[in-house]
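Structure, as structure tokens:
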Amino acid sequence: MAPAKTTGSIGRRVVQAVLLIRSSSGFTLVELVIILVVLGVLASVAIPRIGAMIGTSKANTTKDEMRRLKIALVGSAGDDIRGYENDVGSLPPDLTGLVAKPGGVSDWDRFTQTGWNGPYISADDDKYLQDAWGTNYIYSQGSRTLKSVGSGDTLTVSF
């Protein structure tokens with residue numbers, strides 16, 4: 001026969017079970033405050049770095065887009081891309097001339113290899129007219145420059 005259980009051993013087991021449940025039921029207020037402080041410190045370090053990375057990314061995107069606009073305007077001998085100026089004989093009056101034939105410009109003549117042969121750049125809802133900050137590019141036909149001022153600094157491409 002098995003020995004009878006005493007009340008003392010049952011009581012001890014109940015106390016152990018209650019302590020186990022109490023210790024695993026959640027966090028104390030001090031532990032929660034410490035976690036919030038650590039998260040706050042991490043956020044204060046990470047947010048400025050993420051902001052700087054976004055600014056650098058926008059600047060790189062704008063520089064790349066300006067390079068593509070320059071190639072569309074004047075061509076690229078290395079890539080055998082003629083560009084607007086080589087086809088028409090002059091620069092367009094504004095950047096919209098890269099996607100739509102301006103008035104007074106002749107159609108493409110395949111024999112003389114002259115005239116408007118565009119579009120010279122893909123036009124995604126006129127986004128090619130703006131830099132990564134959403135600011136319109138400043139195009140100057142006379143000074144042969146393209147500028148972006150959206151970042152607060154001026155990025156310039158000459159051609």
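Of note:
- Pairs, first among the polar types (S, T, N, Q) in the stretch 50-79, second surrounded by fewer than 18 Cβ atoms within 10 Å (Cβ to Cβ), C-beta under 8 Å, six or more apart: Thr62/Trp133; Thr62/Ser151; Thr62/Leu155
- Residue in the stretch 95-103 that is charged (D, E, K, R) and loosely packed, with under 14 Cβ neighbours inside 10 Å present: no
- Looking only at residues in the stretch 127-152 that are among the charged types (D, E, K, R) and without any contact (Cβ under 8 Å) to a residue 24 or more places away in the chain, the one that is surrounded by the most Cβ atoms within 10 Å (Cβ to Cβ) is Lys147.
Condition check ((1) at pLDDT below 70; (2) at negative phi; (3) not in a loop (DSSP other than H, G, I, E, B)) across all residues:
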{"site": "Val15", "(1), (2), (3)": "yes, yes, yes"}
{"site": "Glu31", "(1), (2), (3)": "no, yes, yes"}
{"site": "Asn60", "(1), (2), (3)": "no, yes, yes"}
{"site": "Met66", "(1), (2), (3)": "no, yes, yes"}
{"site": "Gly78", "(1), (2), (3)": "no, yes, no"}
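- With respect to the conditions (1) over 19 Å from Leu146 (Cα atoms); (2) of a type in the set (Gly, Ala, Ser); (3) modelled with pLDDT under 90, Ala123 lacks only one, and its number is (1).
- Residue check for Thr114: within 26 Å of Gly142 (Cβ to Cβ) and in contact with a Pro (Cβ under 9 Å, 6 or more places away or on another chain): no
- Checklist (1) surrounded by 15 or more Cβ atoms within 10 Å (Cβ to Cβ); (2) touching a Lys or Arg at 6+ places or on another chain (Cβ under 7 Å); (3) under 22 Å from Thr56 (Cβ atoms) applied to Thr156, failing item: (1)
- Among the residues making up the stretch 136-159, those that are among the β-branched types (Val, Ile, Thr) and either more than 15 Å from Pro92 (Cα to Cα) or within 23 Å of the chain's Cα centre (by Cα) (or both) are Ile138, Val149, Thr154, Thr156, Val157.
- Restricting attention to the stretch 53-75 and to residues that are closer than 17 Å to Ser122 by Cα and out of contact with any Leu (no Cβ under 8 Å at 6 or more places or on another chain), the residue that is surrounded by the fewest Cβ atoms within 10 Å (Cβ to Cβ) turns out to be Asp64.
- Meets criteria (closer than 16 Å to Ala72 by Cα and either at pLDDT 95 or above or touching a Gly at 6+ places or on another chain (Cβ under 6 Å) (or both)) for Thr135: no
- Qualifying residue in the stretch 98-119 (condition: touching a residue at least 40 places away in the same chain (Cβ under 8 Å) and of a type outside the set (A, V, I, L, M, F, W, C)): no
The values are calculated or read from the model by the stated rules, or taken from the named source; none is laboratory data. Please read these numbers as outputs of a predicted model, since none were measured by experiment. All Cβ positions, glycine included, derive from the backbone under ideal geometry; neighbour counts span all protein chains shown.
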